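*Asks:* Before we start, here is the structure in question, set down as structure tokens.
The values are calculated or read from the model by the stated rules, or taken from the named source; none is laboratory data. What you see is a predicted model; the values in this text were computed from it and never measured. Methodologically, a virtual Cβ is constructed for each residue, glycine included, from the backbone with ideal geometry; neighbour enumeration extends over all protein chains shown.
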């Protein structure tokens, strides 16, 4: 079951990266923050941090946007170097 969830997450991130590259930053971030958009799947959603650790998109709670997340245990465990590099 865990492998299936991990694969689902990887597929969602790949889809989000492709959408970002095809649509551009402004449209992609707006869609990632859309709670009824295609990047919300059950309990899984896309969020985006800028290089300084500032939340710039959050699929479930837009109140997190502009919040500093870098250095928090949540951010440190959630974001890999590869994920950061994918959107830069």
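*Asks:* Taking the condition of being modelled with pLDDT of 90 or more, surrounded by fewer than 16 Cβ atoms within 10 Å (Cβ to Cβ) and outside any loop (DSSP other than H, G, I, E, B), how many residues in segment 14-43 meet it?
*Replies:* Residues that pass the stated criteria total 11.
*Asks:* Moving to a separate point now. On the basis of being at pLDDT below 85, within 13 Å of the chain's Cα centre (by Cα) and farther than 21 Å from residue 6 by Cα, does residue 62 make the cut?
*Replies:* On the way: at pLDDT below 85: yes; within 13 Å of the chain's Cα centre (by Cα): yes; farther than 21 Å from residue 6 by Cα: yes.
For residue 62, the condition - at pLDDT below 85, within 13 Å of the chain's Cα centre (by Cα) and farther than 21 Å from residue 6 by Cα - is met.
*Asks:* Name the one entry in 53, 71, 67 that is more than 13 Å from the chain's Cα centre (by Cα), modelled with pLDDT under 90 and surrounded by 12 or more Cβ atoms within 10 Å (Cβ to Cβ).
*Replies:* On the way: 53 fails: more than 13 Å from the chain's Cα centre (by Cα); 71 fails: surrounded by 12 or more Cβ atoms within 10 Å (Cβ to Cβ).
Exactly one of 53, 71, 67 is more than 13 Å from the chain's Cα centre (by Cα), modelled with pLDDT under 90 and surrounded by 12 or more Cβ atoms within 10 Å (Cβ to Cβ), namely 67.
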